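See structure below.
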Amino acid sequence: MSKQVKNMLVDDIKSRLQGVEELIVVNIGSLDAQRTTQLRKQLRQKNIHLQMVKNSLIRRATVSTQLAAAFAQTEGMLAIAWGGEDVVDLAKELTRISALKDFEGLQFRGGAIDGTAMSSEEVKLIAKWPNRSEQLSILSGQISSLGGVLVSQIIGRGATLASQIASRVEELEKQSPAVAFSAEAPAEAPAEAPAEAPAE
């Protein structure tokens with residue numbers, strides 16, 4: 001392969017991985033062409049990309065990037081997968097597919113997340129994490145639960161206070177009904193003195 005062709009392939013890989021910060025390295029060497037095509041089709045439905053790459057080319061394409069850690073100890077032909085909602089979603093989907101009878105040849109070889117290399121075992125562990133949608137659902141449930149507790153506390157304390165005020169008012173009315181009456185009845189105007197008869 002000429003240097004010019006290699007440079008073109010490296011540039012193509014760079015453009016495909018533009019903006020990608022997480023990926024998983026897999027081995028699909030035991031899958032035939034038909035099953036590899038089926039695998040790509042299933043992954044595309046989840047917005048996941050799969051590409052076969054040569055180790056030396058992918059190393060050149062990812063040098064000085066967060067993805068470089070994934071290829072520190074790889075060799076030969078590789079397949080890289082990226083996309084989905086996040087790396088957890090990616091790992092979950094690849095794990096699900098690798099358990100299917102038609103794709104038993106799919107094996108994890110590692111990956112990269114936040115500039116850190118992942119082993120094949122770590123990829124399997126990440127597949128058990130909640131993905132972005134699940135995390136948002138959990139967070140939403142926690143917020144709703146806290147909001148419900150706060151509302152019930154406010155309502156409960158308000159009801160208690162209102163009950164205490166009503167009880168106190170009743171006590172005051174029982175203790176001094178005259179005061180309550182005088183406060184409600186308007187005061188009578190003082191009677192005018194009788195006018196004196198004019199002197200004769």
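Quick notes on this one:
- Within segment 10-55, if we keep just the residues that are among the aliphatic types (A, V, I, L, M) and surrounded by fewer than 17 Cβ atoms within 10 Å (Cβ to Cβ), the residue that is nearest to GLU75 (Cα to Cα) turns out to be MET52.
- Condition check for ILE58: farther than 21 Å from LYS14 by Cβ and surrounded by 16 or more Cβ atoms within 10 Å (Cβ to Cβ): no
- Screening GLY105 with (1) over 26 Å from the mean Cα position of the chain (by Cα); (2) assigned to a strand (DSSP E or B) gives one miss only, at (2).
Since every read-out is calculated from the coordinates, none of them should be taken as a lab result. For clarity, every value in this text was computed on a predicted model and none was experimentally measured. Ideal geometry is used to build each Cβ from the backbone, glycine not excepted, and the neighbour counts take in all protein chains shown.
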